[in-house]
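Some notes on the structure that comes next.
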Amino acid sequence: MTVRTHTPHLLARAATVSALTMVTLGATTLAPGASPDAEAASVAAHAVRVAASKQGSPYEFGAEGPYRFDCSGLTLYSFKRVGRELPRSAAAQYNHTRQIPASFRRRGDLVFFHSPHGVYHVGIYAGRDRMWHAPKTGDVVRLARIWSSTVSYGRVG
């Protein structure tokens, strides 16, 4: 006899399942009444997974996916896939996000690189001082160490 179990997202929709049960079953859907910070963290973590799934996709200036990306096109695409809108350019994304100190950064926050002329590059923080990004012409979407100390972090609302 085969016993079938309900998937966690179906249990969550029933609104009668405890948070402990959802965690035990590996649910990714948040329980009703979960804090906005918890929801934002879940969305951001999913955006990181979307960016990671694009590993090896070629860089192309102005490209927004799904097969080619520039830096802000990758961040725009990753968050759009999880229901969050971002503006097109790295500088506009910087202005659109809530700036946070490096000590409060978490997976899924945007990493902005600055020059005297403004924001010139963006990636998605992956933890451990690394980020997913689309670097430059001739390169591909990849996980890289954050190479500069002149970065700032923004949280997508």
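The values are calculated or read from the model by the stated rules, or taken from the named source; none is laboratory data. All of these numbers come straight from a predicted model, not from anything done at the bench. Note: ideal-geometry Cβ built from the backbone for every residue, glycine included; neighbour counts use all protein chains shown. Calculation scope for accessible area: heavy atoms of the full protein, side chains included, ligands and nucleic acids excluded. Shrake-Rupley method; radii C 1.70, N 1.55, O 1.52, S 1.80 Å.
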How much length is gained if the chain between ALA92 and GLU60 is pulled fully straight, taking 0.36 nm per residue apart and subtracting their Cα-Cα distance, in nm to one decimal? 9.6 nm
From zero outward in steps of 5 Å, how is the percent of C-alpha pairs of region 114-157 spread across the bins? 5, 19, 29, 26, 16, 4, 0
Search the structure for amide H atoms under 5 Å from the amide H of VAL141, placed 1.01 Å from N in the peptide plane, and list their residues when 5 or more places away or on another chain. GLY56, SER57, TYR59
Ordering THR75, THR150 from largest to smallest accessible area (1.4 angstrom probe), what's the sequence? THR150, THR75
Taking the Cα centre of region 98-157 as origin, work out the dipole magnitude from +1 charges on Lys and Arg Cβ and -1 charges on Asp and Glu Cβ, in debye rounded to 20. 220
Report ³J(HN,Hα) in whole Hz for each residue of region 123-131, in order, from the Karplus equation J = 6.51 cos²θ - 1.76 cosθ + 1.60 where θ = phi - 60°; Gly and Pro get x. x, 10, 5, 10, x, 6, 6, 10, 8
Place a label point 7 angstrom from the Cα of ALA52 along the Cα-to-Cβ direction, then list the residues of region 114-128 whose backbone nitrogen is under 19 Å away. 123-128
